[in-house]
Every structure is written in C-alpha cells, then in structure tokens.
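What follows is one structure encoded as structure tokens, with my remarks underneath.
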Amino acid sequence: MASIMIIRRLAVAFHQSRRLYCSNISHDLASRIAELNKEMETVFGEPPPNGFTGSVSNESNVQGSQTSSKIRKSSPGLTHVGSTGAAQMVDVSPKEHSRRTAIASSKVILGQKVFDLVLANQLAKGDVLSVSKIAGINGAKHTSSLIPLCHNITLSHVRVDLSLNAKDFSVDIEGEAVSTGKTGVEMEALTAVTVASLTVYDMCKAASKDIQITDVQLKCKTGGKSGDWYREK
C-alpha cells in the first residue's frame with residue numbers, strides 16, 4: 001500500500017515538475033524529488049534508480065541552455081565587452097575604409113548677467129567664444145587619450161561653432177568631425193562640444209556659479225557598416 005502511495009506521489013510530482021520547468025523553479029523541484037527518494041528508500045530499503053532524477057536534470061539543463069541561447073541571440077551586443085565580461089578595445093582590422101562624419105551639439109546656459117559680459121567681451125579671461133572654439137578642436141584631436149577604449153584615428157577635419165543665443169541667454173555649440181577610416185567619429189564630435197562647453201564654463205565661472213551645461217548629444221553620423229543616422233526632431 002505504501003509503495004502505491006509513493007508511485008502516485010511520483011506521478012503527481014512529475015506532472016508538477018513539467019510546470020515548474022516552464023517557470024524555472026528548479027530548486028523547489030530538486031527538493032521535492034529528494035524528499036520522495038528518502039521515502040522510497042525507507043519503504044523499499046534502497047534508494048531508487050537514477051533514471052528519473054537524471055532525466056529531470058538533463059531536461060532542465062537542456063531547457064536552461066536553450067533559454068540562455070535565445071537570450072544571447074536577442075540581446076544587443078556591447079562591442080567593448082568581451083566574452084568574459086571584461087572591457088576590451090574593438091578590433092576594427094576586418095572593416096572597410098569609408099568616409100565617416102559626425103555632428104554633435106551642446107548648450108551652455110549663462111544667465112543674463114554673464115551673457116551680457118560675454119557679448120561685450122568684458123570677462124577677465126578674454127574672448128570666451130574664440131578660446132572655447134580652439135579648445136573644442138583640440139579636444140577632438142585628443143579623444144583617444146580621454147576615452148580609454150577609443151581608437152587613435154586620423155581626423156581630416158574638425159569644426160566647432162559657438163553662437164550666442166539671446167532667447168535663453170546661452171551659448172549654442174555645434175561640433176563636426178570627419179575622417180576616412182575603419183571606425184566612426186561620433187566620440188570625436190561629442191568630445192569637441194563637451195570640451196568647448198567646459199571651456200566656456202571655465203572662462204565665465206568667476207562671474208557666476210549658476211552656469212549650466214546641457215543637451216550634449218549626437219545629431220547625426222554618416223558612413224560605416226551601420227549606415228547613416230539622424231536624430232529625430
């Protein structure tokens with residue numbers, strides 16, 4: 001009678017285990033099977049054969065492997081992360097040479113008092129826009145020294161434009177980087193406008209600490225395997 005009850009409980013456990021697999025609750029299933037094995041050993045004097053537990057383990061491992069494989073295939077890859085999870089520099093040697101361009105922008109909100117001083121060129125450090133323009137160009141040229149996993153590429157052109165915006169008392173900054181090579185120049189364009197923004201802040205910080213650097217963003221890029229991209233307005 002006891003053996004019949006054990007067999008019935010095994011049937012119920014096996015039926016429940018199918019649902020447990022779908023829910024990935026393998027730990028609870030293993031505990032349930034272990035309890036049943038102990039009861040069978042008490043009734044029959046020996047542990048049950050390993051066929052049931054082995055098949056359960058194998059099926060669980062197969063399903064887990066398939067699930068992990070699906071996750072890996074569906075997840076977008078991070079090229080600067082290797083198979084072990086460590087940071088790495090991307091090998092671009094298999095890529096084709098193409099003309100690459102990127103345009104980025106940023107905004108520095110000065111406030112009316114500082115804006116008027118910049119407009120009149122009355123700040124102690126001198127011409128804010130000219131100095132910041134040169135700083136932005138220089139920043140683009142040193143991107144690989146600032147961003148550790150960026151490639152050291154040859155830039156054919158860098159443009160940095162700064163303009164005063166009287167509507168919100170700010171400086172609007174736009175930077176462009178151009179190169180012909182195997183990797184993009186997005187980081188060079190972004191570094192250009194970021195360094196230019198920081199220089200505006202440095203030139204003006206004696207007059208105000210309320211200055212804000214905002215809206216640093218990539219506007220567009222062209223070239224490369226991924227093709228052209230433009231930010232939606």
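The values are calculated or read from the model by the stated rules, or taken from the named source; none is laboratory data. Remember, it's a predicted structure, so these values are computed and weren't measured experimentally. We place every Cβ from the backbone using ideal geometry, glycine too, and count neighbours over all the protein chains shown. With ligands, DNA and RNA removed, areas are computed over all heavy atoms of the protein, side chains included. Shrake-Rupley method; radii C 1.70, N 1.55, O 1.52, S 1.80 Å.
So for the stretch 107-233, considering every pair of alpha-carbon atoms, how many percent are separated by more than 19 Å?
For the stretch 107-233, the share of Cα pairs beyond 19 Å comes to 49 percent.
To the nearest 0.05, how large is the calculated FRET efficiency for residue 31 and residue 80 if R₀ is 45 Å and r is the Cβ-Cβ distance?
Step by step, r from the Cβ atoms, then E = 0.65.
Taking all protein chains as present, what is the carbon and sulfur share of the accessible area of the stretch 80-132, in % to the nearest whole number, probe 1.4 Å?
The nonpolar share, carbon plus sulfur, comes to 55 percent.
Roll a 1.4 angstrom probe over the protein heavy atoms and tell me the percent of accessible area of the stretch 150-223 that is carbon or sulfur.
52
Could you check the spin-label model distance between residue 99 and residue 127? Points 7 Å from the Cα along Cα→Cβ, value in nm.
My value for the distance between the label points is 3.1 nm.
Just the number please: accessible area per residue for the stretch 74-233, 1.4 Å probe, all protein chains included, in Å².
58
Give the cross-link partners of residue 107 among the lysines, using a straight C-alpha distance below 29 Å as the criterion and excluding same-chain residues fewer than 8 apart.
Within reach: 125, 133, 141, 167, 205, 209, 219, 221, 233.
Near the amide H of residue 150, under 5 Å away, which other amide H atoms are found, from residues 5 or more places off or on another chain, if H is placed in the peptide plane?
When sequence neighbours closer than 5 places are left aside, there are no close amide H contacts.
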